[in-house]
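Here the structure comes first, spelled out in structure tokens, and everything after it is commentary.
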Amino acid sequence: MTLSAAALNLADLFHVIVDAVIAFDGEQRILLFNKGAEAIFGYAPDEVLGQPLDILLPERFKLIHRRHFEEFAASPVASRPMSERRPIYGRHKDGREFPAEAAIAKLDRDGQWLFVVIMRDITQRQRAEDELRLRAQQAAVAAERSRLARDLHDAVTQTLFSVSVIADVLPRIWERNPEEGRRRLNELRQLSRGALAEMRTLLLELRPAALMEANLGDLLRQLAASINSRSGVEVDVHIEGDTELSPDVKVSLYRIAQEALNNVAKHSNAAHAKVVLSMGGGVSGGQGVRLIISDDGCGFDTKISKPTHIGLDIMNERAAAIGARLTIHSQIGAGTTVQVELADPAQGSRLA
């Protein structure tokens, strides 16, 4: 195949483009190799002109590339991004592979098809993105560790300090007033149980995989004990029925309950809260799940968005991620009820 005058004019233009421009015929023989292509592939033009395009591809992608090229050649589409199906990689003369973004187009020149690929090496960009992603992950880990350390201090440490103080004075109290001693002993028992529940909850945060392995009912009871220890709010937990939950559904329901109970502890001034988990038995056609968290606290106006209500957005995101419906009912002075309903608990999209 010889290039027409029109094609040669295009060739002159292609040679001044910074990105790699490679033109080839229907047999995938390289016809044009501009300076940008020389820069990223390491070949001189006389080394590749007339050679099959495969010379520029990693071995494992050659068959895939040929199949996609044949589909494109036979389609009515004139151009498309080459990375729309999978990442694109090029192969340098020295054998080194590099990530790239590319687009392919086809031109009719004197009744013959000319194919043109414009490609850019994105190694540096990918490294920068990987570094930013790593920094974001490290920042998230640092923030999570800081939160856990703060929770450990605010909850467990203070509870254990109270336990220590009561234990120190209990013998003297018992000698003077056995009835008061028994009351303090019961308080000591409750504080110890609460500290243990709080510690178990924090350990779950350090081992997220444990959330997927544990029974959701047990997790909710442990969470309730932790909230009671931290805030003094009495939290009753009722589990009704049983059904198989996907790991994502289990984690999302736990996180929603955790956020709702944290709001109860921090903002509601409630004396009592209740968690009801209903699985199967008539819920959403017999296989569904319903989670309800209610309290007798001060409530709030659901029509008014406040910074303290950012937890509501988190709960909505968690519910949406597994296809659940979340409703929140609250009135000033009449408490709050959070309800989550999911028709198919065996399904669920994995959370990031």
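Of all residues in region 297-321, those being buried (at least 18 other Cβ atoms within 10 Å of the Cβ) and at pLDDT below 80 number 1.
If you take the residues of region 113-133 that are touching a Phe, Trp or Tyr at 6+ places or on another chain (Cβ under 6 Å) and of a type outside the set (Phe, Trp, Tyr), which of them is nearest to Gly26 (Cα to Cα)? The residue in question is Asp121.
I'm trying to understand the selection: among the residues of region 226-240, which are at pLDDT 85 or above and touching a Gly at 6+ places or on another chain (Cβ under 8 Å)?
Answer for region 226-240, where residues must be at pLDDT 85 or above and touching a Gly at 6+ places or on another chain (Cβ under 8 Å): Val237, Ile239, Glu240.
Flag: Ala136 does not match the condition of being in a helix (DSSP H, G or I) and either over 30 Å from Ala100 (Cα atoms) or at pLDDT 85 or above (or both).
Listed by position, the helices (runs of 4 or more DSSP H) inside region 19-100 whose residues that are modelled with pLDDT under 90 and over 35 Å from the mean Cα position of the chain (by Cα) number at least 2 are 62-74.
Going through (1) under 23 Å from Arg221 (Cβ atoms); (2) at pLDDT 90 or above one by one, Val264 falls short only on (2). Scanning region 260-269 for residues that are surrounded by 19 or more Cβ atoms within 10 Å (Cβ to Cβ) and under 15 Å from Ile328 (Cβ atoms) yields Ala260, Leu261, Asn263, Val264, Ser268. A search for C-beta distances below 8 Å between a residue of region 143-168 that is over 14 Å from Glu187 (Cβ atoms) and assigned to a helix (DSSP H, G or I) and any residue that is among the hydroxyl-bearing types (Ser, Thr, Tyr) and modelled with pLDDT of 70 or more, counting only pairs 6+ apart in sequence or on different chains, returns Ala155/Ser226; Ala155/Ser229.
Within region 101-114, if we keep just the residues that are over 17 Å from Gly36 (Cα atoms) and surrounded by 15 or more Cβ atoms within 10 Å (Cβ to Cβ), the residue that is modelled with the highest pLDDT turns out to be Ala105.
The values are calculated or read from the model by the stated rules, or taken from the named source; none is laboratory data. None of these values were measured; they are calculated from a predicted model. Virtual Cβ from ideal backbone geometry, glycine too; neighbours counted across all protein chains shown.
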